[in-house]
Amino acid sequence: MKFRLSKTFKFDAAHKLIDYDGACANVHGHTYKLVVTVEGAPDETGMVIDLFDLKRIVTEKIISSVDHCFLNDLYAQPTVENMAEDIFLKLEKKFEETKIKLFSIKLYEGEGSYVEVLHE
């Protein structure tokens, strides 16, 4: 039996879109919400992963580098799609060291818009 476990994280960051004709060409900020979903079987403790371990991994690999930063310093074009791809690949690589698999991430840019990246 497979289980999927999700944890939600929030961070704030600023960016501007390059070669974009619209308001987002100006520096502006968002509150981002990141939902990380992992997949696996519960171990002898009954857990897929300890939620404290999941929080530590995501905070160390992702949140610590993007929270309260200017995203253009990290991404040539900081669209939510480019950010989500980078986040997914970094977490996927980290979870390869564990017994669980990264299933998906959802990255919300503000309240009503998000991109989802799924494991193929």
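The values are calculated or read from the model by the stated rules, or taken from the named source; none is laboratory data. Source: prediction; values computed, not measured. Every residue, glycine as well, gets a Cβ built from its backbone with ideal geometry; the counts of neighbours run over all protein chains shown.
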_Considering only residues that are surrounded by 15 or more Cβ atoms within 10 Å (Cβ to Cβ) and either within 13 Å of the chain's Cα centre (by Cα) or closer than 12 Å to residue 34 by Cα (or both), which ones fall in region 66-78?_
66
*Would you please list the contacts, defined by Cβ atoms under 8 Å and residues six or more apart or on different chains, that run from a residue in region 67-81 that is on the phi > 0 side of the Ramachandran plot to a residue that is loosely packed, with under 15 Cβ neighbours inside 10 Å and modelled with pLDDT of 95 or more?*
68/12
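Residues are listed down the side, and each one gets a yes or a no for (1) part of a helix (DSSP H, G or I); (2) touching a Phe, Trp or Tyr at 6+ places or on another chain (Cβ under 9 Å); (3) closer than 26 Å to residue 25 by Cβ:
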residue: 39; (1), (2), (3): no, yes, no
residue: 44; (1), (2), (3): no, no, no
residue: 63; (1), (2), (3): yes, yes, no
residue: 77; (1), (2), (3): no, yes, yes
residue: 89; (1), (2), (3): yes, no, no
residue: 104; (1), (2), (3): no, yes, no
residue: 108; (1), (2), (3): no, yes, yes
*Please state which of the following conditions residue 1 fails to meet, knowing it meets all the rest: (1) closer than 25 Å to residue 99 by Cα; (2) in a helix (DSSP H, G or I); (3) not β-branched (Val, Ile, Thr).*
(2)
*Kindly list, by first and then second residue, each pair from a residue in region 4-27 that is surrounded by 11 or more Cβ atoms within 10 Å (Cβ to Cβ) to a residue that is assigned to a helix (DSSP H, G or I) and at pLDDT below 95, limited to pairs with Cβ atoms under 8 Å and residues at least 6 apart or on different chains.*
16/24; 17/24
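Would you confirm, using the coordinates I've provided, whether residue 48 is surrounded by 13 or more Cβ atoms within 10 Å (Cβ to Cβ), in contact with a helix residue (DSSP H, G or I) (Cβ under 8 Å, 6 or more places away or on another chain) and among the β-branched types (Val, Ile, Thr)? Spell out how you get there, then give the answer.
Values: surrounded by 13 or more Cβ atoms within 10 Å (Cβ to Cβ): yes; in contact with a helix residue (DSSP H, G or I) (Cβ under 8 Å, 6 or more places away or on another chain): no; among the β-branched types (Val, Ile, Thr): yes.
The answer is no for residue 48.
Here is a check on your reading of the model: is residue 58 touching a Gly at 6+ places or on another chain (Cβ under 9 Å), aliphatic (A, V, I, L, M), without any contact (Cβ under 8 Å) to a residue 60 or more places away in the chain and surrounded by 15 or more Cβ atoms within 10 Å (Cβ to Cβ)? Don't jump to the end; show me each part of the working.
Working: touching a Gly at 6+ places or on another chain (Cβ under 9 Å): no; aliphatic (A, V, I, L, M): yes; without any contact (Cβ under 8 Å) to a residue 60 or more places away in the chain: yes; surrounded by 15 or more Cβ atoms within 10 Å (Cβ to Cβ): yes.
Here the answer is no, as residue 58 does not meet what is asked.
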*Limited to region 85-114, what total is found for residues that are within 10 Å of the chain's Cα centre (by Cα), more than 19 Å from residue 5 (Cβ to Cβ) and either at pLDDT below 95 or of a type in the set (A, V, I, L, M) (or both)?*
1
_Which numbered condition in (1) in contact with a Gly (Cβ under 8 Å, 6 or more places away or on another chain); (2) among the charged types (D, E, K, R); (3) assigned to a loop (DSSP other than H, G, I, E, B) is the only one that residue 12 fails?_
(3)
